[in-house]
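Everything on this sheet refers to the single structure shown next.
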């Protein structure tokens, strides 16, 4: 049981809002130590896996300078101004539209955005701009809008990418189940993924509508 201490460290670190990178590394080191590895072996494993998967960091490293340059030239202000011109736009509707778009794209394995490339520079400012049409959301309202925008990215991407058999996550689930000795058909996995994605879409719509009500209530 003590070998699961890494989960406890991650939960405690996130609850205390510590640096996520440091929390995850600390959890990995602690798990390795209680598993009987020496500190040198743990650090060697961390270095090995980092080198083997370093290509995964390239999109982030290449994207951040581009997003930073766009933001410096007023990207957030422009999208906020654009959404204010819409008579029917609300913060919740903006986020539900992105949730649905993200889910549709993830279903066919098309990556249209991430937190860094879409949510922070575009979706969150658009939602804040829509909310500001009625009343300035304030510090608490702004924090809620940004949190819901981040959730729209996570929910739209995560729960919709295991519907089509040809998409990687379905094959990953199949591989994990096979390794555990559980027989599962690819079509069955995809079949159960579709209602999950639809339910998450419904829950998301309810949450975004509830956010709009809270923002409207504070503006009265």
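The values are calculated or read from the model by the stated rules, or taken from the named source; none is laboratory data. Predicted model only: the values in this text are computed from it and were never measured. All Cβ positions, glycine included, derive from the backbone under ideal geometry; neighbour counts span all protein chains shown.
Across the stretch 38-53, what is the total count of residues that are surrounded by 10 or more Cβ atoms within 10 Å (Cβ to Cβ) and either assigned to a helix (DSSP H, G or I) or not assigned by TED's automatic domain parsing to the domain that holds residue 9 (or both)?
Qualifying residue count, the stretch 38-53: 11.
Which fully enclosed helices (runs of 4 or more DSSP H) of the stretch 65-168 have 1 or more residues being crowded, with 17+ Cβ neighbours inside 10 Å, at pLDDT 80 or above and outside the structural domain of residue 200 (by TED's automatic domain parsing)?
By residue number, no helices (runs of 4 or more DSSP H) qualify.
What pairs can you find where one residue is in the stretch 141-161 and touching a residue at least 40 places away in the same chain (Cβ under 8 Å), the other is crowded, with 18+ Cβ neighbours inside 10 Å and not in a helix (DSSP H, G or I), and their Cβ atoms are less than 8 Å apart, with a gap of 6+ or different chains?
Taking only residues 6 or more apart or on different chains, the pairs are 144/137; 145/137; 153/113; 161/167.
Quick one: in the stretch 1-37, of everything that is under 22 Å from residue 48 (Cβ atoms) and not in a helix (DSSP H, G or I), which residue is nearest to the chain's Cα centre (by Cα)?
Applying the filter and picking the extreme gives 35.
Kindly evaluate residue 172 against the criterion of being within 30 Å of residue 187 (Cβ to Cβ), assigned to a helix (DSSP H, G or I), free of Cβ contacts under 8 Å to residues at least 24 places away in the same chain and out of contact with any helix residue (DSSP H, G or I) (no Cβ under 6 Å at 6 or more places or on another chain).
In short, yes.
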